[in-house]
Structure formats: structure tokens, C-alpha cells
There are 2 protein chains.
Amino acid sequence: MEQKLSASAPIGVFDSGVGGLTVAREIMRQTPNEKIIYFGDTARVPYGSKSKETVTRFSRQIVRFLQTHEVKTIVVACNTASAYALEDLEKEIDIPIIGVVKPGAKAAAQATRNGKIGVIATEATIGSRIYSEYIKKIHPEVTIYGKACPLFVPLVEEGLWEDPVTDEIAKRYLGELIDIDIDTLILGCTHYPLIRSTVARVMGEKVTLVNPAYETARELRSLLEEKGLLNEAPGKLGENKYQFFVSDGAEKFKTFANSIIKYGILSAKVIDIEQY
Amino acid sequence: MEQKLSASAPIGVFDSGVGGLTVAREIMRQTPNEKIIYFGDTARVPYGSKSKETVTRFSRQIVRFLQTHEVKTIVVACNTASAYALEDLEKEIDIPIIGVVKPGAKAAAQATRNGKIGVIATEATIGSRIYSEYIKKIHPEVTIYGKACPLFVPLVEEGLWEDPVTDEIAKRYLGELIDIDIDTLILGCTHYPLIRSTVARVMGEKVTLVNPAYETARELRSLLEEKGLLNEAPGKLGENKYQFFVSDGAEKFKTFANSIIKYGILSAKVIDIEQY
């Protein structure tokens, strides 16, 4: 069915909540002509502590919703859903779908010099060992050290991006990765780019930080070019280029989104995702 | 149908996740002969960001599940579900059902001397103004100051019950309540009793802390006595006195439950709550 896809169709992007906005932001930067339909599952967030079965079921509902908007490709802008659900989703739908894990893993495998890569993420992503699996396919002799950082997401959502408390928590979480002497660190959760400078300060200059949001937007661009789906025409003035949907709390989402994306997000619409 | 209820039947207790275990713990302390069927909706946690309709629908499913275990009474050990769903549930079922808000509100109204009561809770509970509503029914001239403390739940779940970071965050959240000179503070989220000593230290000796979990267990005891439903006989040795059910993540639940309840919880069973 791929011949039906139109380059002018939007890209579907989803996450368990607001974190995926860091991915949407990179897509806006790197492919500025693309339209985006963003869905944040704010009623069921967080995914990081839920099982594979539950996350896969939720992701299927979201994919069905995005397809009602005739998206030409889908970006799973959530590490947990990329880890748990992407493989199943790829088999089930007939449009291209990419996650954030593979591009991040690839960039880290290329960046490391001493063969020691750290991954910081939610418990679910670390427990899935998904980054490790992908990195080892590219670079089997590398060692990967995973560290779950459950407080980073609530600290980011509370707005403490630059704060002594976030510094203190970062020092505790990252201490063991410094001791191990990793030279590359993957920001394996879509919230973490927002505290990138704190992480960089704690890790020190010698450690390369890999931002999967950036790498994913790059991969998306290549994919669209390869499939002849890159939107070459800038949107028309007044056109609703970026549309945001959530499963709950539209106002709160809008406020947070406007702190990340500088396009002036005017509205987010609440939909009943369980109907899809 | 109340004549059918047996004093030897278990009590049903439910919450959106692990927080309600502080209520279960108080019930175990104050009515040690009672059997408990606990359900934690860990697949759909948190309830705080969901609408009244959704929380009521979820609560109905849980009540139906608990009734398959022939519970003699139900305790809604969740502030959000108590705020949103209790009134409907009371009309729909023919066994006694109590929530955590009313007992907490009553205790606070009785405790205050200067008429200034603080409530700390999740954003949803504060936004619902439910504590204020109940307190004003008892004591109309009291002023209630609500303060949402979004980082307390993740700090508790990360195990930082006694920690300089939790102290620092508590100082920030509670500073304005100290300035207002409240003399009574309601721990309006079931996680908060686990950081009670931090909150007490920050608030100082003059402020009375009200723990709705404790008040609810007291009210439950009175209710059971009044209805002739108090279980007078200690359980038999080897009997499965406390049973735990969740909608996701049984192992993680068990670990956390064992850090709160000192009875050695051996298992938690995952059930598909959406079937009820």
C-alpha cells in the first residue's frame, strides 16, 4: 500500500506524554517543511513502569489513531514504546515506522573510543536491555552499562532543569558511570535532553553525550528522502502545520510544550484514546 | 442484602497503585483480625491526571472485582478515587464503602485551633478542592490552603524517605504553608505518611499532622462495630489473610509492599481488571 503515501501527508509522532516533544522539536528543526500530528498519552503516562504487554496495547491504539490522520510515517518518540512495542508494530502496519532506540544506539556505537558506553533511561528501558542489544549488533566487543534514573522525569516535569536538587540527584545516579570510565553516554529517555547541561557538567568534558532525539530526526530525514516522501514544499501560511493531541490535561500539556517548542503552540485537543 | 454479610468475610481495599498500602497497614494495625483483599491498579496509575468519568469507570471495575471475593466492606484507599467516584459507588453497591478524604477532613476540622488548615496532595486532589469542601461542611469558618507536591510521590517510590534531597524539596513546597501560619496539615496523598517525619521536621512541632490513612482505619473499625461486622476471631494459622492483586508489575509491587508492610508479602497476582 506504500504507493498511496503522499509526501504532503503529515508525520505521526507519539510518546507517553510530553517527553517526545524533544523529538518533535528535532524533526521541526531538521525537516522544517514536514507537518506533524503529535499524540501524548498524558492520561496513561508513565510507560516506563508498565509491562511490555500493556505498553504494546497502548501503542497499538495510538497507531490506529494516528492512521486516522493519514500519516505517511510514524515516529515512536518514546524509548519504552520503542523498546517494547516497535517490533510488533512494524509487522502490523504498512507505513514506515521508526523508534528512537536504534538511531541512538548507532550513534553511540560510532562515537565510543574505549568501548565503554553508558545508557541512562527509565527502569523499563534499562530492564529491556534494548540499547545493549542494538549496540552489540553493530559493535559486539563494546560493553554497555545501564543506569535507571527514575527521578529525572519528575524533576524535568517540575521544571527543575537547572537546579541544585537536580545536580545532586544527577551526581548520585551518574557516579558509578564516571567510576567505570565510560566515554559515551546515551540520553535514553526523551525527557533527558532538557537536563543535558546538568548531565554534561556532572559527566565532564571527556564524555560524549548521545541524544537519540537528534539522531532519530536525522534518520527520519534519510528515510523520507529514500522513499521519496520528503515534503519539499513549505506549508501555506495559516495552515495548521503542527497538531497536538493528548489523552488528558490539554492545558498543562500546552504550557509544558510551549516551554520546549518555540512555535507558540496554541492548542492541544483531548481525545479518548481507548476508543481506538 | 446486608444480612448476607459475614463478619468473617474480608475487607476490600483499593488504590491506583502502591500508595493505598499505607491505609492497608493501618487497617492491619487497628483491626488485626480482619482479612484484606488489596487491589492496586498499577497498569493505569496514576489516577491524578484522569477525568472524573475515567476514574469512576476504573473504580467500578475494581469494585466488581473485589465483590467476586465477597468482601463485606470496601475502603477506597486513594484520594482521587475518593474525591471523584465514592459518591456514585455508594449509590450503586449494597455493602458499606468508605473513602480516605472524609475521615481526614473530619480529624483536621477537629484539630485546628487557629482555623488555618493546610492540605498537601497531588495536583488532582488539590484541584478538586475536595478536602476544603468536606472541612467547610463541618467547620465553615476555617480557611484551607492547598499545596500540590508533585515530587513527593516519585521521591517516596525511589526510597528517599529520609534524605537531604527530600528535605530540600519539602522545604520548598512547605515554605508558604509555614509563612501562612497553618496549625494543622493534612497528608492528603497515601504516599505521604512514608515521609511523615520529614514533613514534621520541616513544619515544626506546633503543626498537627493529620494522616487520613490512620483516621480511615479508625472510621472503618467504628463502622464494622456498628454493623456487627467486626471479625472477633483471629485468623487460622496458614490461612491466606492478606491477598494482593495488581493490574501490572507484580514483582515490583511486592518489593515495594514489603518495604511498607512488615508481614512478609509472598506474592501479588496480576489480574486483567478491564474484564470486570
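Here the stretch A:175-276 is treated as a Stokes sphere of Kirkwood radius computed over C-alpha pairs; at 25 °C and 0.890 mPa s its diffusion coefficient rounds to 143 µm²/s. Lysine pair count for the stretch B:102-212 with Cα-Cα distance under 17 Å and sequence separation of 8 or more or different chains is 11.
How large is the dipole of chain A about the Cα centre if only Lys and Arg carry +1 and Asp and Glu carry -1, each at its Cβ, rounded to the nearest 20 debye?
Details: 34 positive and 36 negative charges, 66 e Å.
Approximately 320 debye in magnitude.
Comparing B:197, B:114, B:155 along the charge dipole axis of the stretch B:102-212, the residue lying farthest to the positive side is B:114, per the Cβ-charge model. Among residues other than residue B:248 with Cβ under 14 Å from its Cβ, the summed charge is +1 (Lys and Arg +1, Asp and Glu -1). Each 10 Å bin, from zero up to the one with the longest distance, holds this percent of the alpha carbon pairs of chain A: 7, 31, 37, 21, 5, 0.
Secondary-structure-derived ellipticity at 222 nm for the protein assembly as shown, considering helices only, amounts to -13000 deg cm²/dmol, per-run term -39500 (n - 2.57) for DSSP H runs with n ≥ 4. Placing unit charges on the Cβ atoms only, positive for Lys and Arg and negative for Asp and Glu, gives the protein assembly as shown a dipole magnitude near 120 debye about its Cα centre.
For the stretch A:102-212, what relative contact order do you get, as a whole percent, if you take Cα pairs closer than 8 Å and at least 6 residues apart? Could the numbers behind the result be given before it?
Details: 171 pairs, mean separation 40.3, N = 111.
Once normalised by length, the contact order is 36 percent.
First select every other residue whose beta carbon is under 14 angstrom from the beta carbon of residue A:260; then total the charges, Lys and Arg +1, Asp and Glu -1. Once all neighbours under 14 Å are counted, the net charge is +3.
Of B:229, B:66, B:266, the residue with the greatest mean-square motion in the GNM of chain B, using alpha carbon springs below 10 Å, is B:266. Loop sites only, by DSSP: take the GluC sites (Glu not before Pro) in chain A that have at most 12 other C-beta atoms within 10 Å and name the longest stretch containing none of them. With a cap of 12 other Cβ atoms within 10 Å, the longest stretch comes to A:1-140. Roughly what percent of Cα-Cα pairs across the protein assembly as shown reach past 42 Å? In whole percent, the long-distance tail amounts to 25. Once C-alpha pairs closer than 8 Å and six or more residues apart are averaged by separation and normalised to the residue number of chain A, the relative contact order reads 26 percent. Taking 17 Å as the straight-line reach from the Cα of residue B:72, the lysines in range (excluding those fewer than 8 positions away in the same chain) are B:4, B:35, B:91, B:227, B:241. Computed from the alpha carbon atoms alone, the convex hull of the stretch A:139-213 holds 89 Å³ per residue. Think of the axis that spins chain B onto A; the B residue whose C-beta lies nearest it, and the distance in whole Å, is B:154, 2.
Give the distance, in whole Å, between the Cα centre of the stretch B:89-147 and the Cα centre of the stretch A:213-233. If we compute the Cα centre of each part, the gap is 53 Å.
Distances from residue A:275 to itself in the other copies, using label points 7 Å out along the Cα-Cβ axis, amount to 2.8 nm in increasing order. What area, in nm² and to one decimal, does the C-alpha convex hull of the stretch B:237-276 cast on average over all directions? For the Cα atoms of the stretch B:237-276, the hull's average projected area reads 3.3 nm². Fewest-first ordering of B:208, B:198, B:42 by other beta carbons within 10 Å of each residue's beta carbon gives B:208, B:198, B:42. In summary, the aspartates and glutamates within cross-link reach of residue A:269, defined as a Cα separation below 19 angstrom excluding same-chain residues under 8 places away, comprise A:15, A:41, A:70, A:239, A:248, A:251, B:53. Across the stretch B:143-164, the residues whose backbone nitrogen lies under 19 Å from the label position 7 Å along the beta-carbon direction of residue A:171 are B:160-164.
Projecting label points 7 angstrom from Cα along Cα→Cβ for residue B:90 and residue A:221 puts them 6.0 nm apart.
So what's the stretch A:19-69 giving for Cα Rg divided by 2.2 N^0.38 Å, two decimals? Intermediate results must be reported in sequence, preceding the final value.
Working: Rg = 12.8 Å, N = 51, 2.2 N^0.38 = 9.8 Å.
Here the Cα radius of gyration is 1.31 times the empirical estimate.
Charge dipole (Cα centre; +1 on Lys/Arg Cβ, -1 on Asp/Glu Cβ; no other charges) of the stretch A:167-221 amounts to roughly 260 debye. The value for the stretch B:59-124 of Rg(Cα) / (2.2 N^0.38 Å) is 1.32.
Ordering A:244, A:217, A:21 by the projection of their Cα atoms onto the charge dipole of chain A, which places +1 on the Cβ of Lys and Arg and -1 on the Cβ of Asp and Glu, puts A:217 at the extreme positive end. Charge tally for residue A:137 (other residues, Cβ to Cβ under 14 Å; Lys, Arg +1; Asp, Glu -1): +1. Placing a label point 7 Å from the Cα of residue A:57 along the Cα-to-Cβ direction, the residues of the stretch B:15-51 with a backbone N closer than 14 Å are B:41-45.
Based on the Cβ-Cβ distance of residue B:111 and residue A:206, what FRET efficiency does E = 1/(1 + (r/R0)^6) give at R0 = 41 Å, to the nearest 0.05?
Efficiency, from the Cβ-Cβ distance: 0.15.
No value in this document is a laboratory result; all are computed from the given coordinates. As the structure is a computational prediction, the values presented were derived from the model and not from experiment. All Cβ positions, even for glycine, are placed from backbone atoms using ideal geometry, and neighbour counts span all protein chains on display.
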